[in-house]
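Colleague: Below is one structure. I have some questions about it.
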Amino acid sequence: MTPLLTIVVLVLVAIAIWQMTKIFELSQIRASNSQVASETDNKYNGYLMFAFLIFLYGITIFSFWKYTKVLLPEAASEHGGGYDSLMVLSFVIIFIVQTLTQFLLHYFAFKYRGDRERKALFFADNDRLEFIWTIIPVIVLAGLILWGLYAWTNIMDINDEDDPLTVELYAQQFNWTARYAGNDNVLGDANVRMIDIDNANVLGLDNSDPNAADDIIVKELHLPVGRKVNFKMRSQDVLHSAYMPHFRAQMNCVPGMITQFSFTPTITTAEMRQNPDVVDKVKRINGIRAEKAAKGLDNSDPWEFDYILLCNKICGKSHYNMQMKIIVETEEEYNAWIASQQTFGKSMASAQ
Ligand SMILES: [Cu+2]
């Protein structure tokens, strides 16, 4: 309440000062009309244009310096490299065009600042100029769009070639569950209407479907490196979005339908922890955490890098914390882990 009152008082004080200056201005009798800009005003505004340009360039350089380090490390999936190249090229083009056009905009505002001696040149149109500023964006944008479409069709080409692992990602407010298809690599039928919490059937698997018995339901996603994974996404309640930033992957999870995404992880968790960018980031975060620990604050335990699955649709009050750990490991480690997990059939048998 106090901050609100303070803000209200400050706003009222500002309005009072503004009104008082207006009264003061009105009480001044002026010989000349102050509403018309003088030569000094024009010059002053012309140079202010340059000052603003310097401010824009300054804040750009500052942002590069300060925030480049919070960007994601190298892509950990097969398609991620191509995706990153497309993004970098788009950024470079936008950066060059923005730097040039901002300079021209502000320079011309300065060059053609108000001058009583100068008369404006009038011409209706210039075909050559219009052609140039139409054709250049057309070529550049067509190139970007074509490359984008090519990348999109490649990434979204979900098929069963190369013996992919089938994994379901199940979203609900506010957590993720993963389901492996088991030995047959076919997910059993499931429907939210068949959810039976009392019998631990949390994902609503169809008991009568023989494909369901060997399915494995887990709360931590393990993936073998180098093997393609076909994800099938479901949602129990509202729109969620399965976002795996390190693999450059995202797909909406929509109630009532199954959506898909596919990628091949290329870097294990252990290898990614050695990546210089990741090492740097972990060091920085643990520095902050050490400071917190010294002050006796929460969330101050040392942090270790892990891949992560996040929800990227604002789905409710605990959306910010809807996440699941992803572990990319060698084929052997994965096989050992999956063998130690209980199948749906067994967990149902022990629940009854
Ligand atoms: Cu969500």
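Colleague: When only residues in segment 323-333 that are assigned to a strand (DSSP E or B) and farther than 13 Å from Y243 by Cα count, which is farthest from the ligand (Cβ to nearest atom)?
Modeller: Start the filter on segment 323-333 by keeping residues that are assigned to a strand (DSSP E or B), which leaves 323-329.
Checking the rest, the ones that are also farther than 13 Å from Y243 by Cα come to 327-329.
Values: I327: 21, V328: 23, E329: 26 Å.
The qualifying residue farthest from the ligand (Cβ to nearest atom) is E329.
Colleague: Would you pick out the residues in segment 157-188 that are open to solvent by 10 Å² or more (accessible area, probe 1.4 Å), within 27 Å of the chain's Cα centre (by Cα) and either within 16 Å of the ligand (Cβ to nearest atom) or on the phi > 0 side of the Ramachandran plot (or both)?
Modeller: Step one: filter segment 157-188 for residues open to solvent by 10 Å² or more (accessible area, probe 1.4 Å), giving 157-163, 165-166, 172-175, 182-187.
Still in the list and also within 27 Å of the chain's Cα centre (by Cα): 157-159, 165-166, 172-175.
Selection gives Q172, Q173, F174, N175.
Colleague: In segment 304-322, which residue that is under 15 Å from the mean Cα position of the chain (by Cα), within 20 Å of I267 (Cβ to Cβ) and open to solvent by 30 Å² or more (accessible area, probe 1.4 Å) is nearest to the ligand (Cβ to nearest atom)?
Modeller: L310
Colleague: Then there's this: Which of the residues belonging to segment 204-256 are in a helix (DSSP H, G or I) and either within 16 Å of the ligand (Cβ to nearest atom) or aromatic (F, W, Y) (or both)? Give the derivation first.
Modeller: Step one: list which residues in segment 204-256 are in a helix (DSSP H, G or I), which gives 210-212, 245-247.
Within segment 204-256, P245, F247 meet the criteria.
Colleague: Next up: Restricting to segment 268-299, count the residues that are assigned to a helix (DSSP H, G or I), under 24 Å from the mean Cα position of the chain (by Cα) and modelled with pLDDT under 90.
Modeller: Summing the residues that are assigned to a helix (DSSP H, G or I), under 24 Å from the mean Cα position of the chain (by Cα) and modelled with pLDDT under 90 in segment 268-299 gives 0.
The values are calculated or read from the model by the stated rules, or taken from the named source; none is laboratory data. Owing to the predicted nature of the structure, the values given are computational and were not obtained by experimental measurement. Because the Cβ atoms are built from the backbone with ideal geometry, glycine has one as well, and the counts that use them run over all protein chains shown. For the accessible areas, the whole protein counts, side chains as well, though only heavy atoms, and no ligand, DNA or RNA atoms are used. Shrake-Rupley method; radii C 1.70, N 1.55, O 1.52, S 1.80 Å.
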